[in-house]
Amino acid sequence: MEIVVRGTKVEAVKGDITKVEADAIVNAANEGLRGGGGVDGAIHRAGGPEIMAECRKIGRCSTGSAVVTTAGKLPAKYVIHAVGPIWRGGKHGEEDLLRSAYETSLRLAEERRLSSIAFPSISTGAYGFPIERACPIAIATVVNHIRRGTKLKHVIFVLFSEDDYKTYVANLKRMVEKT
Ligand code: AR6
């Protein structure tokens, strides 16, 4: 499922982000950039030790921010490690912090003049952010960014489960109806 916003394709696909050939793939990292389970574990496993070596040099990354490393053996050129918030009920700035994680990732992609970027569903696994609330934030942040002017030609949301994919498709359809 895809929509086009001012000439930029915004697409939802079901699959494994480590296989995606975008200029950058985004990792759902933690503040210590230490690796872990979920998509973080998959990226470090498939990309090899070069990625962790750069993460160690960088040291840490605040929640709501992001940093860039090589993509090692992955088909992507870069990995953007974004740190989403841990869900603590919704009254601790989680929505703003999630938006900021997406915005920082997009800004880093623009600074490198990338034309494609792939996002996982940040914070909705181990960090417990409800997908029904995270998905509209992810889509709106990307669409608003594109509307302000972008070099990106393709933004891909890569969803690991059928249910998450369906949530993204429903929200993308809603976005089309609104505009
Ligand atoms: N490709 C795309 N999506 C994936 C993949 C994959 N290969 N593997 C899992 N997902 P999570 P978080 C989905 O837990 O909630 C880690 O330990 C997964 O189904 O990876 O931001 C980090 O080190 C879910 O929908 O990230 C942090 O400590 C989504 O990716 C912490 O977890 C995000 O789930 C971050 O938690």
For region 38-179, what % of the accessible area comes from carbon and sulfur atoms, probe 1.4 Å?
51 percent
CD proxy, 222 nm, the chain: helix-only mean residue ellipticity via -39,500 (n - 2.57) per DSSP H run with n ≥ 4, per residue, nearest 500, stands at -13000 deg cm²/dmol
Multiply the residue separation of K173 and A126 by 0.36 nm, subtract the distance between their alpha-carbon atoms, and state the gained length in nm to one decimal.
14.2 nm
Rounded, prolate or oblate (a/c below 1.5 giving rounded, otherwise prolate when a/b exceeds b/c) for region 37-179 by Cα gyration tensor
prolate
Give me the percent of DSSP beta bridges within the chain that run antiparallel, rounded to the nearest 5.
35 percent
Taking loop as defined by DSSP and a crowding limit of 10 other beta carbons within 10 Å, which trypsin sites (Lys or Arg not before Pro) in region 77-179 fit?
K91, R113, R148
Which of the aspartates and glutamates could a cross-linker span from K73 if the Cα-Cα distance has to be under 12 Å and same-chain partners fewer than 8 positions apart are dropped?
E21, E50
Over 32 Å between Cα atoms, which of K19/K166; K77/K178; K57/K151; K14/K91 qualify?
K77/K178
Given +1 on the Cβ of Lys and Arg, -1 on the Cβ of Asp and Glu, and no further charges, what dipole in debye does the chain carry about its Cα centre, rounded to the nearest 20?
400 debye
Nearest-20 debye value, region 14-104 charge dipole, Cβ charges on Lys, Arg, Asp, Glu:
240 debye
Hey, what did region 1-154 get for relative contact order, percent, Cα under 8 Å, at least 6 apart?
27 percent
With a 1.4 Å probe and every protein chain left in place, work out the accessible area per residue of the chain in Å², rounded to a whole number.
47 Å²
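The values are calculated or read from the model by the stated rules, or taken from the named source; none is laboratory data. Predicted, not measured: the structure shown is a model, and the values here were computed from it. Glycine gets a Cβ as well: all are built from the backbone with ideal geometry, and neighbour counts include every protein chain shown. Side chains included, ligands, DNA and RNA excluded: accessible areas come from the protein's heavy atoms. Shrake-Rupley method; radii C 1.70, N 1.55, O 1.52, S 1.80 Å.
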